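This report concerns only the one structure given below.
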Amino acid sequence: MRVLFLISGKNVPSSRFRVLNYLPWLQQAGISCTVLASYPEKYEHIPWLGYRLSYLLKRITRYVHYLYACLSPFDLIFIEREIFDIPAYDMELLFLNRPAKSVLDIDDAIFLRYPEKFQTLAAKVDLLIAGNQNLVDEARKYNDQVRLLPTSVITSKYPLKDYSQPPPGKPVIGWTGLDTNIPNLQLVVPALNRLAEKFEFTLCIISATPEPIAELALDGMEVRHVVWQPETEYQDLSAFDIGIMPLADDEWSRFKCGLKLLQYMALGIPAVASPVGVNAEIIEQGVNGFCAESTEGWYASLEQLLTAPELRKQIGLSGRKTVEEQFDVERNSQRLKQFLEETLDQP
């Protein structure tokens, strides 16, 4: 089987966790994988070139990819999420009209932003893969061939937190994510400010730039910003003692796949998250993590974890076990392989 993967970019989370992480196992299973990425990456631009010319370069790059697809005998074309983050879908249709089976993979509610685009592409492809059950239920309105593949991590790459030694200094409460998601931290700021009146801790935020953090009105605590880099991602996350994932309970968030929550848990770091969407399914309250819906809930959960190192260890190790059993790429690669083979065998 020869598969062409069209991805958003090597550093884009959906590309990394929905495609690139699976390639070693798919190739080991005998599947030939060709990956063509957007250039510049789908959500980026080249500063000296500007937005318009950068978008033109992305289109030119994708036309070259289309010509390559025309000249190569691919059995299956796999589109990760969408080709361009715009309402138009002419480029997707170019690839989907090739004489090959097709797959669309989604890990976010793109149908909320571009409903016509999603409906057209979902109905066109031979298989739609979705990252959680909420996405599956929506996708099945337009296509009968929908499969669930939860967003997963390569657990073996995440070093398990060392609980054999006491923490060297103040506990670290940490968050990681895109700059555009930093406003979600507003949900936990009141609890953090209350905690800072009684306890010493460091708040560590891993993101592209520090500027959005200034809008959070954090008081009385040490705030550390770390620039996200793929080379140091695991090491930087390992510095957390507690991971947090606040989410606004809105329609977009209800379809998210809980990636940062899974990353904390894979490291053996206890996590506290808003019980929005798949988060409420991943977390078993007080066993492998905590859900918090209000300032009181955030305060109580974080206070427990800040003051009880043994509880942090217990929750962290249980979270790691959950990821190993349900959200590990090596395990779920078998499901992806099966989905692709079944699609290829369809008449």
Filter the range 166-188 for residues that are touching a helix residue (DSSP H, G or I) at 6+ places or on another chain (Cβ under 7 Å) and assigned to a helix (DSSP H, G or I); the one that is most open to solvent (accessible area, probe 1.4 Å) is 186
Check your understanding: Is it the case that the range 128-137 has a residue that's part of a loop (DSSP other than H, G, I, E, B) and under 17 Å from the mean Cα position of the chain (by Cα)?
Key -> yes
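Would you point out which residue out of 67, 96, 148, 76 is open to solvent by 50 Å² or more (accessible area, probe 1.4 Å), under 19 Å from residue 37 (Cβ atoms) and of a type in the set (A, V, I, L, M, F, W, C)?
That would be 67, the only listed residue that is open to solvent by 50 Å² or more (accessible area, probe 1.4 Å), under 19 Å from residue 37 (Cβ atoms) and of a type in the set (A, V, I, L, M, F, W, C).
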Residue under question is residue 332, and the condition is that it be within 27 Å of residue 29 (Cα to Cα) and either in the same structural domain as residue 20 (by the TED database) or more than 18 Å from the chain's Cα centre (by Cα) (or both); does it hold? yes
Only one of 35, 19, 12 is open to solvent by 30 Å² or more (accessible area, probe 1.4 Å) and of a type in the set (Val, Ile, Thr), namely 35
Only unsatisfied item for residue 163, checking (1) within 30 Å of residue 96 (Cβ to Cβ); (2) in a loop (DSSP other than H, G, I, E, B); (3) in the same structural domain as residue 298 (by the TED database), is (1)
Those residues of the range 120-145 which are in contact with a helix residue (DSSP H, G or I) (Cβ under 7 Å, 6 or more places away or on another chain), farther than 17 Å from residue 259 by Cβ and of a type outside the set (Asp, Glu) amount to 121, 122, 124, 125, 127, 128, 139, 142, 143
Restricting the range 260-307 to residues that are charged (D, E, K, R) and in a helix (DSSP H, G or I), the one least open to solvent (accessible area, probe 1.4 Å) turns out to be 260
Would you mind stating whether residue 311 is under 24 Å from residue 267 (Cβ atoms), part of a helix (DSSP H, G or I) and touching a Lys or Arg at 6+ places or on another chain (Cβ under 8 Å)? no
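The values are calculated or read from the model by the stated rules, or taken from the named source; none is laboratory data. In this text the structure is predicted, and so the values were computed from the model without any measurement. All Cβ positions, glycine included, derive from the backbone under ideal geometry; neighbour counts span all protein chains shown. For the accessible areas, the whole protein counts, side chains as well, though only heavy atoms, and no ligand, DNA or RNA atoms are used. Shrake-Rupley method; radii C 1.70, N 1.55, O 1.52, S 1.80 Å.
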